[in-house]
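Participant: Can you read through this structure? Questions will come right after.
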Amino acid sequence: MRYMTGNEIRKTWLNFFKDKGHSVEEGASLIPNNDPTLLWMNSGVAALKKYFDGRVVPKNPRIVNVQKCIRTNDIENVGNTARHHTFFEMMGNFSIGDYFREEAIEYGFELLTDEKYFGFPIEKLYFTYYPTDLDTKERWLKLGVEEEHLIPSEGNFWEIGSGPCGPCTEIFFDRGESFGDFTTESIKKDIENDRYVELWNIVLSQYNAIDGLSRENYPELPSKNIDTGAGLERFASVIQGAKTNFETDLFMPIINEISKVANVPYEGQKAFKVIADHIRTVTMAISDGAMLSNEGRGYVLRRLLRRAVKYGKQLKIDKPFLVSLIDTAASILLPFYPYIEDKLPIVKKIVETEENKFLETLLSGEKKLSEIISISEKIISGKDAFLLYDTYGFPLELTAEYALEQGYEVDIKGFKLEMDKQKERARNARSEADSMMGQNEEYLSFVLESEFVGYETLEIEAKIIKVFPEGLVLDKTPFYATSGGQLADHGLIYNDSISLKIIDVEKLPNGQFLHKTSEELSTSYEGMVVKAEVDKTRRKLTEYHHSATHLLFKVLRDVLGNHVSQQGSQVSFDGLRFDFNHYENIEDEVILTIEEKVNDMIKDSYKSSTRIMKVEEAKQLGAIAEFGEKYGDKVRTIDLKYTLDLCGGTHVKDLSDIGKFAIKSVSSIGSGIFRIEAVANKMVDTLADSLVGLNQDIDNLVNKANKILLEAKKANIELDFNFKKNSVSLGSYQDVIDKRNELHEAQLAVKELEKTFNRLKETKALESVNDLSDFTYGNKVIAKLENVNGSALKQLADDYLANNDLDFIFLASVIEEKIVFVAKSNIKQINAGQVVKNAAQICGGNGGGRPDFAQAGGKDLEKLDEAINYVKDLIL
């Protein structure tokens, strides 16, 4: 077994399987594409789900990859164990309905033991198998594995809900007694240890798990698959003879840099490992388009950064330092992920901003902790500790450390209870649908060829070659199937006997297009010759929006920066939706600039063109790939003058055909992801539809103002309301801005109108009751009034008591079907608070206050006289 660098291990893996006929598939982005079940790409097979569940048949059923992964479900273990990481790389080889157990195990044995490759000593390797999977055991024996090195284990069955599943066989490497006094029983019982390191798991996916069936009754899959996963970091640790994964060339350069910054030698301390792990994760995640936020994956990154800062404090690093580690982290990854070089400026900017902000937050947290300590009795509650953790980013250990210095303890159990509540809230908020879809055997076995001719024509004579319950397949079709963000064509398929309305089109696993209809289908249609006709207007509108989407993406990169990457899109006849990453809110002026630049692009005529070329050639020409799409050897490119993109969708023949472009809305959809919705060509006329909500809000305010004016008129109060609604439309995002401003103006105008009316109403009410002589009893006043609000009633009581020789005043006012009580007392024996409270309770209300002044409210108007009489009896 010879020494190999991390990058050499990757290359050895990929080249071995490439020589065995596998296609090298580029690893997917850490941000999953169209998979709501995943927060992050978390395994090698996650990016290949569509092949395993049968939705798509790959061009080559043999695939090999190295997949970037993030898992944070056991973040607290990072640094505590030799092998836990938040970011890691999973090497995998996959067979989709091609080779199975025999070849998979043979390939594994050859790659691991042959001196041309990894050259592991066979006596150091141990192999597990599912107890009833004796075929796997026999295959290892035939290859020369000793019986004592084969371990049956009940845990060797891969299954996550319904869908593909099967037994698996794992390969372990024995690092020797110096790594612990463990036996192979630890493998069988799945006991965590440092001696026996799991290197590789080969999953034999041969069954279809079905809810309600016992495992032994699972039916076999029509297409059996191989799914394997081998951790790069673990391979590096064993091959490089490192004590843990952290002492390999994948981490040590970062750890050495941390040591320089902290001026502390590395001796295996957890802090070094946590910081190195987390800065790798953050660097790769932001490079793949993730942003920091308070939810979802953005919250995960924020938490990782803050943990790294916290562990920096353990090393006595009290200044911002994480940004100084990014170049080192990137230098380790760049040989295999060269694209991150262009992303480093934005990675550094985001990390620097966040770290500085968090250091300020920590200061606030220290102040909050001091406040909590000042009002606590020798123990900080779990709720307070969690508040410090959740709001101020104060780790529990840091709170406990500060508390100990002050002679306090922390309620750890209470903290964990609050943490469990948060985890439960998070679980309830997330989709748990992690299982793969089941395979459709009928789709998989359907291999008749069907040709798409929709680039050249929108109507054609074709033959129905297959009818499924869900739709039909033609031998050639002009209908575009939903793909790459572009929604399917609609239209008609008809002849003299049938007329079918096409409402959706989707791709089958072997590439044919399934046409879904609004009518029920019959297998008797098979063999019929029909006319297939696409809705031309709908297709043209879709093309305007698709081409405009590409131009918009180009402008976003130009205006906001090269860090902008596509996070999803949808184009249809009625508009476009484009999701992208950015690290700060986008001002209205910038949005107008973006809209203007797109419109500038489509002013002049430019004939678009498409070419079929090799994918590498296209990328060398600067072609931009669509988000989450996988490409074969040959790709279709679209040249739209300002941008060259890989795209299989349909586009305008000339840029000027787009006509006009208008942004309807820009919104944040979480985790540093923004969404632009826009329209083009004649759909710009529908821009007003997007303003319905704002117009409704304005109408509601105008209606409110009219009610106030009517009430004022009845009260003989003169008011002016000069706001006028604007109905002018410019057909651009300026309409949205103007309407928002108009709403703001309406809000201010109505607020001022309401304020003026209440002031004048109050003045008028006070004028009507400036003489309370009819309610005066010696040096006391007990009065029942109408239409005087609470603030006016209080003012009246203040003024009347101050300007007259009085000791006590009690006022009750009926206004808008409610009662307001106010009392002021200069007599020690008469408690104003108790008086109004009792009066209010008689009227079904409550309240109170100080002995010298109090205010309360009541609801039962019929009991008001009773309350007045109570006060008179008490006071007079």
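The values are calculated or read from the model by the stated rules, or taken from the named source; none is laboratory data. Values in this document were obtained by computation on a predicted structure and should not be read as measured data. Here the Cβ is made from the backbone with ideal geometry for all residues, glycine too, and neighbour counts use every protein chain on show. Side chains included, ligands, DNA and RNA excluded: accessible areas come from the protein's heavy atoms. Shrake-Rupley method; radii C 1.70, N 1.55, O 1.52, S 1.80 Å.
Participant: I need every pair where a residue in the range 160-174 that is among the hydroxyl-bearing types (S, T, Y) and at pLDDT 90 or above has its Cβ under 8 Å from the Cβ of a residue that is assigned to a strand (DSSP E or B) and surrounded by fewer than 22 Cβ atoms within 10 Å (Cβ to Cβ), sequence separation at least 6 or different chains.
Facilitator: Cβ pairs passing all conditions: T169/N201.
Participant: Let me ask you something else. Considering the range 595-611 alone, what residues qualify as being surrounded by 14 or more Cβ atoms within 10 Å (Cβ to Cβ), not in a helix (DSSP H, G or I) and not hydroxyl-bearing (S, T, Y)?
Facilitator: Selection gives I602, R611.
Participant: A further question follows. Does at least one position in the range 151-158 carry a residue that is within 38 Å of the chain's Cα centre (by Cα) and assigned to a strand (DSSP E or B)?
Facilitator: For the range 151-158, residues within 38 Å of the chain's Cα centre (by Cα) and assigned to a strand (DSSP E or B): present.
Participant: For the range 125-135: of the residues being part of a loop (DSSP other than H, G, I, E, B) and open to solvent by less than 40 Å² (accessible area, probe 1.4 Å), which is nearest to E102 (Cα to Cα)?
Facilitator: Among those that are part of a loop (DSSP other than H, G, I, E, B) and open to solvent by less than 40 Å² (accessible area, probe 1.4 Å), it is D133.
Participant: Still on this structure, I have one more. Which one of A839, A792, A797, A765 is touching an Asp or Glu at 6+ places or on another chain (Cβ under 8 Å), among the small types (G, A, S), crowded, with 17+ Cβ neighbours inside 10 Å and not in a strand (DSSP E or B)?
Facilitator: Only one candidate qualifies: A792.
Participant: Return the only residue of I663, I698 being in a helix (DSSP H, G or I), touching a residue at least 40 places away in the same chain (Cβ under 8 Å), surrounded by 19 or more Cβ atoms within 10 Å (Cβ to Cβ) and in contact with an Asp or Glu (Cβ under 8 Å, 6 or more places away or on another chain).
Facilitator: When all the criteria are applied, what remains is I698.
Participant: Does the range 159-197 hold any residues that are of a type outside the set (A, V, I, L, M, F, W, C), under 34 Å from the mean Cα position of the chain (by Cα) and loosely packed, with under 15 Cβ neighbours inside 10 Å, and which are they?
Facilitator: Those that are of a type outside the set (A, V, I, L, M, F, W, C), under 34 Å from the mean Cα position of the chain (by Cα) and loosely packed, with under 15 Cβ neighbours inside 10 Å: G161, D190, E192.
Participant: I need the full set of residues from the range 136-146 which are of a type outside the set (V, I, T) and either assigned to a loop (DSSP other than H, G, I, E, B) or modelled with pLDDT under 95 (or both), in order please.
Facilitator: L143, G144, E146
Participant: Which of the following residues is of a type in the set (A, V, I, L, M) and within 23 Å of L864 (Cα to Cα): L806, L796, L743?
Facilitator: L796
Participant: Could I ask something else about it? Return the residue satisfying two criteria in turn: it lies in the range 233-274 and is in contact (Cβ under 8 Å) with a residue 40 or more places away in the chain, aliphatic (A, V, I, L, M) and assigned to a loop (DSSP other than H, G, I, E, B), and of such residues it is surrounded by the most Cβ atoms within 10 Å (Cβ to Cβ).
Facilitator: Out of the qualifying residues, it is L250.
Participant: Next up: Among the residues of the range 778-793, is there at least one that is of a type in the set (A, V, I, L, M, F, W, C), in contact (Cβ under 8 Å) with a residue 40 or more places away in the chain and in contact with a helix residue (DSSP H, G or I) (Cβ under 8 Å, 6 or more places away or on another chain)?
Facilitator: Yes; the residues of the range 778-793 include at least one that is of a type in the set (A, V, I, L, M, F, W, C), in contact (Cβ under 8 Å) with a residue 40 or more places away in the chain and in contact with a helix residue (DSSP H, G or I) (Cβ under 8 Å, 6 or more places away or on another chain).
Participant: In the range 526-565, what residues are polar (S, T, N, Q), at pLDDT 95 or above and in contact with a helix residue (DSSP H, G or I) (Cβ under 9 Å, 6 or more places away or on another chain)?
Facilitator: Of everything in the range 526-565, just one residue is polar (S, T, N, Q), at pLDDT 95 or above and in contact with a helix residue (DSSP H, G or I) (Cβ under 9 Å, 6 or more places away or on another chain), namely S547.
Participant: Filter the range 1-13 down to the residues that are open to solvent by 20 Å² or more (accessible area, probe 1.4 Å) and either in contact (Cβ under 8 Å) with a residue 40 or more places away in the chain or closer than 18 Å to I63 by Cα (or both) and list them by number.
Facilitator: M1, R2, Y3, T5, N7, K11, T12
Participant: Step by step: first the residues of the range 33-43, then only those that are modelled with pLDDT of 85 or more and of a type outside the set (F, W, Y), then the one that is surrounded by the most Cβ atoms within 10 Å (Cβ to Cβ). Which residue is that?
Facilitator: M41
Participant: Looking at the range 198-232, which of its residues are open to solvent by 50 Å² or more (accessible area, probe 1.4 Å) and either among the hydrophobic types (A, V, I, L, M, F, W, C) or part of a strand (DSSP E or B) (or both)?
Facilitator: Result: E198, Y207, I210, L213, E220, P222, K224.
Participant: Right, something else. Determine, yes or no, whether S773 is in contact (Cβ under 8 Å) with a residue 60 or more places away in the chain and of a type in the set (S, T, Y).
Facilitator: Judged against the criteria, S773 is not a match.
Residues checked against (1) open to solvent by less than 60 Å² (accessible area, probe 1.4 Å); (2) outside any helix (DSSP H, G or I); (3) within 20 Å of H545 (Cβ to Cβ):
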{"site": "D645", "(1), (2), (3)": "yes, yes, yes"}
{"site": "I669", "(1), (2), (3)": "no, yes, yes"}
{"site": "A678", "(1), (2), (3)": "yes, yes, yes"}
{"site": "T686", "(1), (2), (3)": "yes, no, yes"}
{"site": "V702", "(1), (2), (3)": "yes, no, no"}
{"site": "A705", "(1), (2), (3)": "yes, no, no"}
{"site": "F721", "(1), (2), (3)": "yes, yes, no"}
{"site": "L748", "(1), (2), (3)": "no, no, no"}
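Participant: Would you mind telling me which numbered condition in (1) without any contact (Cβ under 8 Å) to a residue 12 or more places away in the chain; (2) surrounded by 17 or more Cβ atoms within 10 Å (Cβ to Cβ) E520 fails?
Facilitator: Looking at each condition in turn, E520 falls short on (2).
Participant: Can you tell me which residues in the range 768-789 are charged (D, E, K, R) and open to solvent by 50 Å² or more (accessible area, probe 1.4 Å)?
Facilitator: D771, D774, K784, E786
Participant: Here are some residues: R538, R557. Which one is within 17 Å of V505 (Cα to Cα) and basic (K, R)?
Facilitator: R538
Yes/no matrix, rows are residues, columns are (1) within 32 Å of the chain's Cα centre (by Cα); (2) open to solvent by less than 30 Å² (accessible area, probe 1.4 Å):
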{"residue": "D53", "(1), (2)": "yes, yes"}
{"residue": "Q67", "(1), (2)": "yes, yes"}
{"residue": "T72", "(1), (2)": "yes, no"}
{"residue": "V78", "(1), (2)": "yes, yes"}
{"residue": "F87", "(1), (2)": "yes, yes"}
{"residue": "G92", "(1), (2)": "yes, yes"}
{"residue": "I96", "(1), (2)": "yes, yes"}
{"residue": "A104", "(1), (2)": "no, yes"}
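Participant: A329 is checked against (1) under 18 Å from the mean Cα position of the chain (by Cα); (2) surrounded by 23 or more Cβ atoms within 10 Å (Cβ to Cβ) and fails just one. What number does that condition carry?
Facilitator: (1)
Participant: Restrict the check to the range 547-558 and report whether at least one residue is part of a helix (DSSP H, G or I), acidic (D, E) and either closer than 22 Å to G672 by Cβ or touching a residue at least 24 places away in the same chain (Cβ under 8 Å) (or both).
Facilitator: For the range 547-558, residues part of a helix (DSSP H, G or I), acidic (D, E) and either closer than 22 Å to G672 by Cβ or touching a residue at least 24 places away in the same chain (Cβ under 8 Å) (or both): present.
Participant: Of the conditions (1) crowded, with 19+ Cβ neighbours inside 10 Å; (2) under 40 Å from the mean Cα position of the chain (by Cα); (3) among the basic types (K, R); (4) not in a strand (DSSP E or B), R83 fails just one. Which one is it?
Facilitator: Only one criterion in (1) crowded, with 19+ Cβ neighbours inside 10 Å; (2) under 40 Å from the mean Cα position of the chain (by Cα); (3) among the basic types (K, R); (4) not in a strand (DSSP E or B) is unmet by R83, namely (1).
Participant: May I pose another question? Within the range 284-300, identify whether any single residue is more than 30 Å from Q566 (Cβ to Cβ) and either in contact (Cβ under 8 Å) with a residue 12 or more places away in the chain or part of a loop (DSSP other than H, G, I, E, B) (or both), and answer yes or no.
Facilitator: So far as the range 284-300 goes, no, none of its residues is more than 30 Å from Q566 (Cβ to Cβ) and either in contact (Cβ under 8 Å) with a residue 12 or more places away in the chain or part of a loop (DSSP other than H, G, I, E, B) (or both).
Participant: If you scan the range 44-73, which residues turn out to be at pLDDT below 90 and part of a loop (DSSP other than H, G, I, E, B)?
Facilitator: If the condition is that a residue be at pLDDT below 90 and part of a loop (DSSP other than H, G, I, E, B), then G44, D53, G54, R55, V56, V57, P58, K59, T72, N73 are the ones that fit.
Participant: Which condition breaks for I340 when tested against (1) aliphatic (A, V, I, L, M); (2) surrounded by 12 or more Cβ atoms within 10 Å (Cβ to Cβ); (3) over 30 Å from V45 (Cβ atoms); (4) at pLDDT 75 or above?
Facilitator: Evaluating I340 over (1) aliphatic (A, V, I, L, M); (2) surrounded by 12 or more Cβ atoms within 10 Å (Cβ to Cβ); (3) over 30 Å from V45 (Cβ atoms); (4) at pLDDT 75 or above leaves (3) as the failure.
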